[in-house]
Amino acid sequence: MTIQSRMNSAIQPNHRFSVSLQSIFVALISFSCLFASAEVDKAKWNEGKSLFKSNCAACHNPKVDGTGPALQGVTARWEAAGEYKGKTGTQWLYTWIKNYNDPVNAGYKYAMDMANSRPSAMNIFATLKDADIENMLLYIENPDIGTPTGPTGPTGGDGSAPKESGSNTTLIIFVFFLVVLVAILIGITSKLDKLVAEKNGEPVETAKAPFWRRPKWITAFALIGIVLLGYAGVDWGTHLGRQQGYQPTQPIKYSHALHAGTHKIECQYCHSTANKGKHANIPSVNTCMNCHKNVQKGPKYGTEEIAKIYEAVGWDAKTQTYSKEPKPVEWVRIHNLPDHVYFNHAQHVNAGKVQCQTCHGPIETMEEVYQYAPLSMGWCINCHRQTEVQFASNNYYTAYEKFHQDIKDKKISKVTVETIGGTECQRCHY
């Protein structure tokens, strides 16, 4: 057998092994790149939910009585009230939402009964269009079709936040194939060294030291160790100062699982500035008193925690009067971005239609709130890369005429936040 044929016979098995590993690697990558099927378009439902949160959620919930009555089924109730002066009950409902005084002054009995049944006067929304009210009623009558995830955020079925790129799974796969590659290369070079030694008539060693003491393996392990230590160092440095999972003890045991989960109170009923400004406000105890002026005992803590609310607001439950000096509740802040980062809640809630759970996690299941997401730069950028912009029924994006036309011409199938500049440095740092 010639030297060349012997070399081929020595190399060929390893070559086949390498090709097999390559096929496995390609298959794994293919499976990891599978994506979820597109969800049903809920543009009108999302628009209605946004309008409801902006205008109605301070007093109403679709399914639970609050300051105002539960609204689910409101369309059927008004329609059943019957026609009056040539207008159907639904038409009177639209009039009521815009200005409740109009159907009352017109003498529509159902509207008069509604106005007299509640001590609080309803706000006037004269600027709402019929299409806006139609979208709001769509959400009110079907409040659960978009939960727990919305069609915009890259969230999982449990409302989880988008994962940060560069995960440990990627590192493990990389290291595994690196080790396999090193083993294949060492095996090939060992066989080639043996063949060269035989060709030159040099003695071939049969007894060898344990593989961990051989120079080639020592070099290979050293390189792998450097890679792992380098990754660990960078990962530790990027996580320095983050407080993911941070769950401080609060002065009042407020259960989000009870309020947002069981009673389905909208987030913006309490955090009412989330769709109006940069920050989502900490609700005042006066907001708590909208319900707890009457609800004096809870299912979880009895009267103990509610008594702390009364103490803070100066309310005497026995005399039903504000007879004490109010005291601020010193809540402990959980979510806190660095000063050099600009984040606007209103932009994400209104223009982006981002669900609260995208950043804050499954808040409706939390007994006590903790920081769910890392809120890191990589996490935010990864979200911008994945999140599809909702162009339909969203006036914020009407200026992007080219993208609208490209979608109509089927040149592109979607537009992400990255496409409209969401990964540019000055968007968050200026």
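Yes/no per residue for (1) exposed (fewer than 11 other Cβ atoms within 10 Å of the Cβ); (2) in a helix (DSSP H, G or I):
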site: Lys216; (1), (2): no, yes
site: Phe221; (1), (2): no, yes
site: Ile226; (1), (2): yes, yes
site: Tyr231; (1), (2): no, yes
site: Val234; (1), (2): no, yes
site: Arg242; (1), (2): no, no
site: Tyr254; (1), (2): no, no
site: Ala257; (1), (2): no, yes
site: Ala260; (1), (2): no, yes
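Are there any helices (runs of 4 or more DSSP H) wholly within the range 266-380 with 2 or more residues that are polar (S, T, N, Q), and if so which? Before you say what the answer is, go through the steps one by one.
Values: elements: 267-270, 285-292, 304-313, 356-360.
Where helices (runs of 4 or more DSSP H) fall fully within the range 266-380 and carry at least 2 residues being polar (S, T, N, Q), they are 285-292, 356-360.
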Could you please let me know if Thr152 is touching a Gly at 6+ places or on another chain (Cβ under 7 Å), under 30 Å from Ser54 (Cα atoms) and at pLDDT below 65? yes
Scan of the range 321-355 for residues that are surrounded by 11 or more Cβ atoms within 10 Å (Cβ to Cβ), more than 30 Å from Asn395 (Cα to Cα) and among the charged types (D, E, K, R), ordered by number: Lys324, Lys327
Of all residues in the range 367-419, count the ones that are among the acidic types (Asp, Glu) and closer than 30 Å to Lys300 by Cα. 2
If you go through Asn281, Asn275, Asn294, the only one that is over 33 Å from the mean Cα position of the chain (by Cα) and either surrounded by 12 or more Cβ atoms within 10 Å (Cβ to Cβ) or within 30 Å of Ser54 (Cα to Cα) (or both) is Asn294
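Quick check: anything in the range 86-99 touching a helix residue (DSSP H, G or I) at 6+ places or on another chain (Cβ under 7 Å), modelled with pLDDT under 80 and under 27 Å from Cys270 (Cβ atoms)?
If we filter the range 86-99 for residues that are touching a helix residue (DSSP H, G or I) at 6+ places or on another chain (Cβ under 7 Å), which is where we start, we get 88-90, 92-97.
Next cut, modelled with pLDDT under 80 only: none.
No, the range 86-99 contains no residue that is touching a helix residue (DSSP H, G or I) at 6+ places or on another chain (Cβ under 7 Å), modelled with pLDDT under 80 and under 27 Å from Cys270 (Cβ atoms).
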Output the number of residues of the range 400-420 satisfying the condition of being farther than 28 Å from Trp379 by Cβ and part of a loop (DSSP other than H, G, I, E, B). 3
Report every pair of residues separated by at least 6 positions or lying on different chains whose Cβ atoms are under 8 Å apart, first residue within the range 73-87 and farther than 21 Å from Lys63 by Cβ, second surrounded by 13 or more Cβ atoms within 10 Å (Cβ to Cβ) and aliphatic (A, V, I, L, M). Tyr84/Ala106; Lys85/Ala106
Surrounded by 15 or more Cβ atoms within 10 Å (Cβ to Cβ), of a type in the set (S, T, N, Q) and within 27 Å of Ile334 (Cβ to Cβ), is that true of Thr238? yes
Number of the exception - Lys318 against (1) closer than 30 Å to Lys308 by Cα; (2) surrounded by 14 or more Cβ atoms within 10 Å (Cβ to Cβ); (3) of a type in the set (Lys, Arg): (2)
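Cys267: surrounded by 14 or more Cβ atoms within 10 Å (Cβ to Cβ) and touching a residue at least 60 places away in the same chain (Cβ under 8 Å), yes or no?
Numbers: surrounded by 14 or more Cβ atoms within 10 Å (Cβ to Cβ): yes; touching a residue at least 60 places away in the same chain (Cβ under 8 Å): yes.
Against the criterion (surrounded by 14 or more Cβ atoms within 10 Å (Cβ to Cβ) and touching a residue at least 60 places away in the same chain (Cβ under 8 Å)), Cys267 qualifies.
The values are calculated or read from the model by the stated rules, or taken from the named source; none is laboratory data. Quick caveat: nothing in here was measured; it's all calculated off a predicted structure. Glycine gets a Cβ as well: all are built from the backbone with ideal geometry, and neighbour counts include every protein chain shown.
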